[in-house]
Amino acid sequence: MEFPDERIIKLRQKEKEKAYTTLETGIYVNRELIEFASEKLFDEQMEILLPTSFINMPQAVAKVKYPSEYRPQIIKTSLDGTANFTFNLFDILIEGSDGLEEVAAHFQLVLKQVNPILKIHNYNEVDCEGQSYRLFSYKSYGLDMQIYNLMCVTQIKDKVLQGSFSCPYEEHELWEEIARQIFLSIRMK
């Protein structure tokens, strides 16, 4: 049974959250305001808006969470470690959106080779402010949970940037659009 004062508190919180719906204003996730700031990565070759509360994943934790020696070059994580953004910059020469399309298809092929039952969802080709992006999502499985993944492929000068976001699958509706907006904030410097 919900009491009237509890209902009023919930309504006030919803009203408050309506003012925070973009990366510029901040966005509420689980009643917590997430703020974003521009970060330069890869020796300032690129810039991206990332949550200010995310930190570089400690190396000892990264070795456990990403046991392969080919773990991502940059890993930004929430303080509880459940939401992660990872980035790799590859020396792959591509020309235009067709080349970007080929790289995205190759990443999907590799993922399916590692996990044949994997299904790619929501594949998008986005051009925004002179930057082309290829985004796709998929569900993977950890030891004790399902994981939502969103991958982004874009070109940074003469290299390919591969970004990935992951969180527990039960939180994907909270994070999906936020992660997409974050990837679309990537700009070459």
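Tabulated results
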read-out: Residue satisfying all of: in region 55-87; assigned to a strand (DSSP E or B) and touching a Gly at 6+ places or on another chain (Cβ under 8 Å); nearest to residue 34 (Cα to Cα) among these; value: 85
read-out: Some residue of region 176-186 being among the aliphatic types (A, V, I, L, M) and more than 22 Å from residue 49 (Cα to Cα); value: no
read-out: Index of the failed condition, residue 132 passing every other in (1) polar (S, T, N, Q); (2) closer than 18 Å to residue 47 by Cα; (3) in a helix (DSSP H, G or I); (4) without any contact (Cβ under 8 Å) to a residue 60 or more places away in the chain; value: (3)
read-out: Cβ pairs under 9 Å, 6+ apart, first in region 49-71 and free of Cβ contacts under 8 Å to residues at least 60 places away in the same chain and surrounded by 13 or more Cβ atoms within 10 Å (Cβ to Cβ), second in a loop (DSSP other than H, G, I, E, B) and aromatic (Phe, Trp, Tyr); value: 57/66
read-out: Subset tally (residues that are over 25 Å from residue 40 (Cβ atoms) and in contact with a Pro (Cβ under 8 Å, 6 or more places away or on another chain)) for region 137-189; value: 4
read-out: Residue, modelled with the highest pLDDT, within region 106-129, restricted to residues that are surrounded by 14 or more Cβ atoms within 10 Å (Cβ to Cβ), of a type in the set (A, V, I, L, M) and not in a strand (DSSP E or B); value: 111
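The values are calculated or read from the model by the stated rules, or taken from the named source; none is laboratory data. Source: prediction; values computed, not measured. Every residue, glycine as well, gets a Cβ built from its backbone with ideal geometry; the counts of neighbours run over all protein chains shown.
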